[in-house]
């Protein structure tokens with residue numbers, strides 16, 4: 001509960017749209033008698049203020065403080081206006097960065113008689129907190145106060161359980177509901193898909209009485225997340241062509257990963273054209289960023305670059321710049337990636353660890369070793385970003401490709417133990433194989449086998465290093481060791 005000393009008397013300062021009469025009412029609110037039209041009007045103004053500034057924590061706290069200090073709870077007026085204000089406060093807190101404050105507010109207002117909306121907002125709070133324990137308590141309370149048949153409350157219960165991964169409870173509530181709306185179906189389908197239960201999610205989707213664009217988007221997103229792009233694209237085509245449903249912005253964002261995985265350039269171009277027609281490309285920068293990334297992954301770096309350049313400087317955000325740097329990196333265009341990074345710095349955009357990861361990857365594939373090391377230094381000293389295991393992997397790969405194996409080994413040995421993994425040593429072993437460095441290859445293989453002995457590819461790679469320099473006895477020794485330990489190398493396969 002907020003303390004009275006946090007009260008900001010001039011509440012009207014944060015609501016520029018409020019009229020002067022409302023501002024005056026707020027300033028003199030503590031002098032109003034209870035159950036007066038002025039006080040009811042003030043309550044309405046407070047609700048309006050919260051709705052206008054629903055994402056502002058400062059506004060929510062100021063209204064909350066004013067609500068406490070103005071004595072509304074001690075008046076004898078009808079509680080309908082007070083309950084509306086309380087529910088609006090709960091909603092703002094539940095959707096904000098500190099949802100726990102919604103539960104604290106509810107706990108301290110036990111003198112009120114709450115309605116179904118109150119419990120709906122509280123359940124959404126539990127979902128945002130991922131608090132299954134609080135959700136269970138509220139479930140019991142909902143049954144106690146008699147709101148268990150309310151469709152919005154029941155839907156919120158399904159949502160809490162689905163978000164928290166309690167799918168058995170979510171399905172139980174879902175099947176026990178006397179009435180379900182479209183939102184209920186969508187919540188259950190999304191929840192199952194999120195936790196990897198695609199078959200069950202698809203079954204519910206197929207049973208759904210009326211499917212909306214949200215329903216289609218949920219199941220498409222599920223297939224995309226589970227790395228089943230073919231089925232995701234199939235459903236997307238079915239939605240658009242056979243069902244005649246127009247994709248939303250969220251639908252496009254859900255299908256982009258599938259397009260990228262499949263390298264489906266024609267579909268990417270079609271989605272681009274559709275987004276242009278609907279105005280998504282100019283209204284939602286996430287669509288633009290995803291298009292840049294998808295074009296690059298479909299092999300069309302020219303389209304990715306053109307789209308980026310055609311996007312106004314005012315609209316570009318950090319993800320936009322990181323996307324084009326990453327696009328150039330995956331196409332081996334290290335110099336273009338560096339130039340983009342320099343332009344990004346010139347416009348005052350501050351890079352993050354993902355930006356540097358893309359940049360180091362560009363330097364690795366472009367053979368720009370010295371430049372990569374300079375960027376590492378800038379990352380550490382100018383932006384105080386501590387490298388993670390992916391950054392180290394890029395650096396070791398970069399040094400290994402350039403034949404600077406001693407530096408790569410030294411860097412690998414300097415990686416903090418808590419983040420070091422076997423992939424780092426395998427990257428270095430691959431470099432040893434490429435440059436026929438037997439001595440270092442043996443040391444690296446020893447490191448790998450200390451961490452993991454069951455992967456056959458490590459033995460085969462070291463055996464190939466021996467064979468490559470004519471040390472066939474040692475190569476045969478490793479092959480026999482594989483047989484002794486019953487270790488097999490998974491055969492490779494290709495898709496034509």
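The values are calculated or read from the model by the stated rules, or taken from the named source; none is laboratory data. Note that the structure is a prediction, hence the values are computed from the model and not measured. Cβ: placed from backbone, ideal geometry, glycine included. Neighbour counts: every protein chain shown.
Values computed for the structure shown
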quantity: Hits in the range 269-315 (condition: over 19 Å from the mean Cα position of the chain (by Cα) and closer than 21 Å to residue 345 by Cβ); calculated: 304, 305, 308, 309, 311, 312, 313, 314, 315
quantity: Test: residue in the range 423-436 that is modelled with pLDDT of 95 or more and buried (at least 22 other Cβ atoms within 10 Å of the Cβ); calculated: no
quantity: Residue match in the range 240-249 (condition: within 22 Å of residue 296 (Cβ to Cβ) and buried (at least 19 other Cβ atoms within 10 Å of the Cβ)); calculated: yes
quantity: Boolean, residue 444 is surrounded by 16 or more Cβ atoms within 10 Å (Cβ to Cβ) and either under 23 Å from residue 397 (Cα atoms) or at pLDDT 80 or above (or both); calculated: yes
quantity: Flag if residue 342 is in a helix (DSSP H, G or I) and loosely packed, with under 14 Cβ neighbours inside 10 Å; calculated: yes
quantity: The listed residue being under 26 Å from the mean Cα position of the chain (by Cα) and under 18 Å from residue 330 (Cα atoms), out of 357, 399; calculated: 357
quantity: Qualifying residue in the range 109-130 (condition: in a loop (DSSP other than H, G, I, E, B), modelled with pLDDT of 75 or more, over 18 Å from residue 153 (Cβ atoms) and under 34 Å from the mean Cα position of the chain (by Cα)); calculated: yes
quantity: Whichever residue in the range 55-107 is under 19 Å from residue 159 (Cβ atoms) and either part of a loop (DSSP other than H, G, I, E, B) or over 36 Å from the mean Cα position of the chain (by Cα) (or both) and, among such residues, is modelled with the lowest pLDDT; calculated: 96
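Quick grid of which residues meet (1) touching a strand residue (DSSP E or B) at 6+ places or on another chain (Cβ under 9 Å); (2) crowded, with 21+ Cβ neighbours inside 10 Å; (3) modelled with pLDDT under 95; (4) part of a helix (DSSP H, G or I):
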{"site": "148", "(1), (2), (3), (4)": "no, no, yes, no"}
{"site": "152", "(1), (2), (3), (4)": "no, no, yes, yes"}
{"site": "158", "(1), (2), (3), (4)": "no, yes, no, yes"}
{"site": "161", "(1), (2), (3), (4)": "no, yes, no, yes"}
{"site": "165", "(1), (2), (3), (4)": "no, no, yes, no"}
{"site": "179", "(1), (2), (3), (4)": "no, no, yes, no"}
{"site": "185", "(1), (2), (3), (4)": "no, yes, no, yes"}
{"site": "189", "(1), (2), (3), (4)": "no, yes, no, yes"}
{"site": "193", "(1), (2), (3), (4)": "no, yes, yes, yes"}
